[in-house]
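S.K.: Take a look at this one; I'll ask things after.
The values are calculated or read from the model by the stated rules, or taken from the named source; none is laboratory data. None of these values were measured; they are calculated from a predicted model. So basically every Cβ, Gly included, is an ideal-geometry build from the backbone, and we count neighbours across all protein chains shown.
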Amino acid sequence: MSEPILQIDGLTHGFAGVPVLHQVDLTVEAGDSMALIGPNGAGKTTLLRAAGGLLEPDAGSVRIDGRDLAEMSRREIARRMSYLSQATPQVFDFSALELVLMGFHARTGRFSLPSKTQRERAHAAMRQLEIEHLAERPASVLSGGELQRVLMARTLVARADVWLLDEPTSHLDVRHQLAMLRQVGGHVGDGGTVLAVLHDLGLVHRFFDRVAVLKAGELVATGPVDETLNTDLLSDVFEVELVRGEVDGQTVWTVGG
Amino acid sequence: MTTRRDRALTSRGLWQAVLAVSLLYVAVSVMALTYGSSDFGGWQVVSGLVSGELTPSQHAIVWHARMPRILFAGIVGAALAVGGAVFQAVLRNPLADPYILGISGGAALGGTLLLALEAAVFGGAMTYLGQLSPPIAAFIGAMGTLSIIFGVARWTPAGRTGNYVLLLTGVIVNAFASAVILFLKSVVSARKAQEMLFYLMGTLTVEGLSFQLIASVGGVVLACLAAIIWYARDLNVLSLGDDEAAALGVDVERTRWWTVAIASLAVACAVAFTGLIGFVGLVVPHGLRLVVGPDHRVLIPCCALGGAAFLTGADLLTRASFAVFSTTLPVGVVTAFVGAPLFVVFLWRNLRQDAEGVR
């Protein structure tokens, strides 16, 4: 059997002496769409950042196609993986289009300016996310949701195999949440791989094949979504009684009691 | 909404912007070359230079008085403006100026310390001190504070070496250096204190300004500029945030280290001779961002030329003001007089553009 595309082994990390992740092993196969869920402070973002090589773990390793990230350059990693962070305020007024064009950074030379093809691809990605009309807007006047979609358009143009998405729907209204997550489906359909931190369990059922559940820095469950998520597990992890239901054939979770 | 041509950088846009700012710089330089308190000015200078028919005294005025000063103002202005643009991007702080990391504090401390020591009698020690000049002492001071700052940044536990460590250490070093300078000013003679004050205000009246010195400082500043242009695209991404920059393929720590070190070197070289000239590194990048946009591939070369033009123009004003005040003002006073109101205008325009949603 071939190497898994993303292999995390014995990952342990802490900040200022406070342990955040403890001995996490996680395997993501090529073509997987995996959701990473867990309560606040469980270590989801830290795990995602470590997976993207954005922090050097205290112990353990992350490998992509069998290669240890610690031995790869930032540029090589960026060509294989796109990391979508939670939208942060911008200091300088790059336009939305300029932000999207930065998705080509790892694939173009130091002195190359955006080509016509790159511009067209950037516009196409923005059209897909319904933000083409914002192309010339400076970043500082974009709303959180608009900026999030701009960053997603950047992920689209970067054309990396693996997407690491940190709460990609946190600033979005319901319609745009669906539009955003359809991109995940599209990427997986094209043979890509997605690992995403998500809070909405209904969306996990609808758009993801697999799920990994983190609690207090430890991985407590991983597997296909429908088999893995059950009342006992989720009630234990989130420390609130959750009830599973079905509406129009879609799984939903609500707070019981 | 109407479709407008997108503003993302094209090579045509890049060259147009650079050409426009170059023309501005050339225009200001020609004005500075042709203006003077002697009755030799205007077209006389231009025609004299073109035809080569200059009297010995005219030759001396142009080649030994005005030209070195104009060239030096250009070099210093370029270093300060590029330094400002780099620090603003790396520290992600629009208020960062070339001095924010303590370069001013260190340079000023080095220079004033030497001036103070010269005043004190140190017997045999003076033989060694005599070898030093304030510029060299200032340069040593600036580089010394930089090594302290980078030392502290490296020393802090992993995961906390963010830009704010650099920023906070710089602020503290500056504050400490100011206190020492104040102490020195209090204990030296009034005449020496006056000399220090002039040095601290920033002046382009540099003793022994030879073409050799200009070539050396200019060479270092140009090399630094070329290196910063090499990193220009990385600066764009770095200004978004550490995680974003790393995710897009930039080695954050390395890029931050090199860009800050290179920009600091250029600034230290410049301020070592002139003392502290404020506002150039703040006003020029902010003004140019409004015109050419925030992309550092166009912003950095434009800042170099725009900074050169700004300081050359400010120096022209100090020379012109001689007629009014019968004394040459420190150029730092003029850059502040012109820079502070300009900065407010830029800020207001920036806010207005934000409100209108276009750049």
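S.K.: Residues of the stretch B:317-333 being of a type in the set (Val, Ile, Thr) and under 13 Å from B:ALA32 (Cβ atoms), which ones?
M.R.: B:THR318, B:VAL331
S.K.: Condition test on B:ALA190, is it surrounded by fewer than 18 Cβ atoms within 10 Å (Cβ to Cβ) and within 14 Å of chain A (Cβ to nearest Cβ)?
M.R.: no
S.K.: So, in the stretch B:10-65, exactly how many residues are within 14 Å of another protein chain (Cβ to nearest Cβ) and in contact (Cβ under 8 Å) with a residue 24 or more places away in the chain?
M.R.: As a first pass, look at the stretch B:10-65 and keep what is within 14 Å of another protein chain (Cβ to nearest Cβ): B:10-18.
Applying the additional criterion that residues be in contact (Cβ under 8 Å) with a residue 24 or more places away in the chain yields B:13-14, B:17-18.
Number satisfying all stated conditions: 4.
S.K.: Is there any pair with a first residue in the stretch A:224-247 that is exposed (fewer than 15 other Cβ atoms within 10 Å of the Cβ) and a second that is of a type in the set (S, T, N, Q) whose Cβ atoms are under 7 Å apart and which are 6 or more apart or on different chains, and what are they?
M.R.: Within 7 Å, the pairs are A:GLU241/A:SER235; A:VAL243/A:THR231; A:VAL243/A:THR254; A:GLY245/A:THR254.
S.K.: A follow-up question, please. Check A:GLU136 against each of (1) closer than 19 Å to B:LEU235 by Cα; (2) of a type outside the set (S, T, N, Q); (3) facing chain B (nearest Cβ under 7 Å); (4) in contact with a helix residue (DSSP H, G or I) (Cβ under 7 Å, 6 or more places away or on another chain) and name the one condition it does not meet.
M.R.: (1)
S.K.: Look at A:ALA42 and say whether it is of a type in the set (Gly, Ala, Ser), within 14 Å of chain B (Cβ to nearest Cβ) and within 23 Å of B:ASP242 (Cα to Cα).
M.R.: no
S.K.: Any chance the stretch A:96-108 includes a residue that's away from chain B (no Cβ under 11 Å), outside any loop (DSSP other than H, G, I, E, B), buried (at least 22 other Cβ atoms within 10 Å of the Cβ) and at pLDDT 95 or above?
M.R.: Looking through the stretch A:96-108, none of the residues is away from chain B (no Cβ under 11 Å), outside any loop (DSSP other than H, G, I, E, B), buried (at least 22 other Cβ atoms within 10 Å of the Cβ) and at pLDDT 95 or above.
S.K.: Might you let me know whether the stretch A:142-156 holds any residue that is at the interface with chain B (Cβ under 8 Å from one of its Cβ atoms), within 22 Å of B:ASP234 (Cα to Cα) and touching a helix residue (DSSP H, G or I) at 6+ places or on another chain (Cβ under 8 Å)?
M.R.: Checked against the condition, which is being at the interface with chain B (Cβ under 8 Å from one of its Cβ atoms), within 22 Å of B:ASP234 (Cα to Cα) and touching a helix residue (DSSP H, G or I) at 6+ places or on another chain (Cβ under 8 Å), the stretch A:142-156 yields no hits at all.
S.K.: Another one. Please list, ordered by first then second residue, the pairs with beta carbon atoms under 8 Å, 6 or more apart or interchain, first in the stretch B:222-243 and within 11 Å of chain A (Cβ to nearest Cβ) and free of Cβ contacts under 8 Å to residues at least 40 places away in the same chain, second surrounded by fewer than 22 Cβ atoms within 10 Å (Cβ to Cβ) and basic (Lys, Arg).
M.R.: Going by the 8 Å Cβ cut-off, the qualifying pairs are B:TRP230/A:ARG110; B:ASP243/A:ARG49.
S.K.: So which helices (runs of 4 or more DSSP H) are wholly in the stretch B:18-117 and hold at least 2 residues that are modelled with pLDDT of 85 or more, out of contact with any strand residue (DSSP E or B) (no Cβ under 8 Å at 6 or more places or on another chain) and surrounded by fewer than 24 Cβ atoms within 10 Å (Cβ to Cβ)? Let's see the steps before the verdict.
M.R.: Values: elements: B:43-51, B:56-60, B:67-90.
Passing ranges, in order: B:67-90.
S.K.: With the structure loaded, tell me whether B:VAL324 is more than 14 Å from every other protein chain (Cβ to nearest Cβ) and either in a helix (DSSP H, G or I) or within 30 Å of B:THR10 (Cα to Cα) (or both) or whether it fails that test.
M.R.: Yes, satisfied.
S.K.: Looking at the stretch A:56-73, which of the residues that are facing chain B (nearest Cβ under 10 Å) and without any contact (Cβ under 8 Å) to a residue 24 or more places away in the chain is farthest from A:GLN23 (Cα to Cα)? Step through it out loud before you land on a result.
M.R.: Narrowing the stretch A:56-73 to residues facing chain B (nearest Cβ under 10 Å): A:56, A:58, A:73.
If we keep only those that are without any contact (Cβ under 8 Å) to a residue 24 or more places away in the chain too, we end up with A:56, A:73.
Numbers: A:GLU56: 14, A:SER73: 25 Å.
Checking each candidate, the answer is A:SER73.
S.K.: Here's another thing I want to ask about it. Looking at the stretch A:1-49, which of its residues are in contact with a Pro (Cβ under 8 Å, 6 or more places away or on another chain) and in a strand (DSSP E or B)? Spell out the reasoning first.
M.R.: Just the residues of the stretch A:1-49 that are in contact with a Pro (Cβ under 8 Å, 6 or more places away or on another chain), to begin with: A:11-13, A:16, A:21, A:27-30.
Matches in the stretch A:1-49: A:LEU11, A:THR12, A:HIS13, A:LEU21, A:THR27, A:VAL28.
S.K.: Restricting the stretch A:74-95 to residues that are among the polar types (S, T, N, Q) and not in a strand (DSSP E or B), which is farthest from the other protein chains (Cβ to nearest Cβ)?
M.R.: Top of the filtered list is A:GLN86.
S.K.: Filter the stretch A:13-39 down to residues that are in contact with a strand residue (DSSP E or B) (Cβ under 9 Å, 6 or more places away or on another chain) and within 14 Å of chain B (Cβ to nearest Cβ) and give me whichever is surrounded by the fewest Cβ atoms within 10 Å (Cβ to Cβ).
M.R.: A:PRO19
S.K.: Of everything in the stretch B:274-288, what is surrounded by fewer than 24 Cβ atoms within 10 Å (Cβ to Cβ) and in a helix (DSSP H, G or I)? Give them in sequence order.
M.R.: Result: B:HIS286, B:GLY287.
Conditions tested, residue by residue: (1) within 24 Å of A:HIS22 (Cβ to Cβ); (2) aromatic (Phe, Trp, Tyr).
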residue: A:GLY191; (1), (2): no, no
residue: A:VAL194; (1), (2): no, no
residue: A:PHE207; (1), (2): no, yes
residue: A:LEU214; (1), (2): yes, no
residue: A:THR231; (1), (2): no, no
residue: A:ASP248; (1), (2): no, no
residue: A:VAL252; (1), (2): no, no
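S.K.: Further question on the same structure: Among the numbered criteria (1) outside any strand (DSSP E or B); (2) more than 9 Å from every other protein chain (Cβ to nearest Cβ); (3) free of Cβ contacts under 8 Å to residues at least 40 places away in the same chain; (4) under 26 Å from A:GLY185 (Cβ atoms), which one does A:HIS123 miss?
M.R.: (2)
S.K.: Still on this structure, I have one more. I'd like the residue in the stretch B:200-222 that is crowded, with 21+ Cβ neighbours inside 10 Å and assigned to a helix (DSSP H, G or I) and, out of all such residues, is modelled with the highest pLDDT. Can you show your working first?
M.R.: We begin by selecting, within the stretch B:200-222, every residue crowded, with 21+ Cβ neighbours inside 10 Å; these are B:202-204, B:217, B:221.
Next cut, assigned to a helix (DSSP H, G or I) only: B:217, B:221.
On the way: B:VAL217: 90, B:VAL221: 95.
That would be B:VAL221.
S.K.: Same structure again: Mind telling me which of the residues B:VAL260, B:VAL250, B:VAL298, B:VAL291 ends up being part of a loop (DSSP other than H, G, I, E, B) and under 20 Å from A:PHE92 (Cβ atoms)? Break it down stepwise before answering.
M.R.: On the way: B:VAL260 fails: part of a loop (DSSP other than H, G, I, E, B); B:VAL298 fails: part of a loop (DSSP other than H, G, I, E, B); B:VAL291 fails: part of a loop (DSSP other than H, G, I, E, B).
Within the list B:VAL260, B:VAL250, B:VAL298, B:VAL291, the selection yields B:VAL250.
S.K.: In this structure, does A:GLU3 turn out to be more than 8 Å from every other protein chain (Cβ to nearest Cβ), in contact (Cβ under 8 Å) with a residue 40 or more places away in the chain, of a type in the set (D, E, K, R) and out of contact with any strand residue (DSSP E or B) (no Cβ under 7 Å at 6 or more places or on another chain)?
M.R.: The answer is yes for A:GLU3.
S.K.: Quick check, is B:LEU225 closer than 27 Å to B:ALA314 by Cα and in a helix (DSSP H, G or I)?
M.R.: Here the answer is yes, as B:LEU225 does meet what is asked.
S.K.: Filter the stretch A:86-95 down to residues that are touching a helix residue (DSSP H, G or I) at 6+ places or on another chain (Cβ under 6 Å) and buried (at least 22 other Cβ atoms within 10 Å of the Cβ) and give me whichever is nearest to B:ALA227 (Cα to Cα).
M.R.: Only one residue fits best here, namely A:PHE94.
S.K.: Assuming A:SER112 fulfils every condition listed in (1) of a type in the set (S, T, N, Q); (2) assigned to a loop (DSSP other than H, G, I, E, B); (3) farther than 18 Å from B:ARG7 by Cα apart from one, which condition is it?
M.R.: So the condition that A:SER112 fails would be (3).
S.K.: Here's something else I'd like to know. Condition check: buried (at least 19 other Cβ atoms within 10 Å of the Cβ), in contact (Cβ under 8 Å) with a residue 24 or more places away in the chain and under 15 Å from the mean Cα position of the chain (by Cα). Does A:MET81 satisfy that? Quick ask: steps written out before the conclusion?
M.R.: Details: buried (at least 19 other Cβ atoms within 10 Å of the Cβ): yes; in contact (Cβ under 8 Å) with a residue 24 or more places away in the chain: yes; under 15 Å from the mean Cα position of the chain (by Cα): yes.
Yes.
S.K.: Please go through the stretch A:203-228 and give me each residue that is assigned to a loop (DSSP other than H, G, I, E, B) and over 25 Å from A:GLY191 (Cα atoms), ordered by number.
M.R.: A:ALA216, A:GLY217
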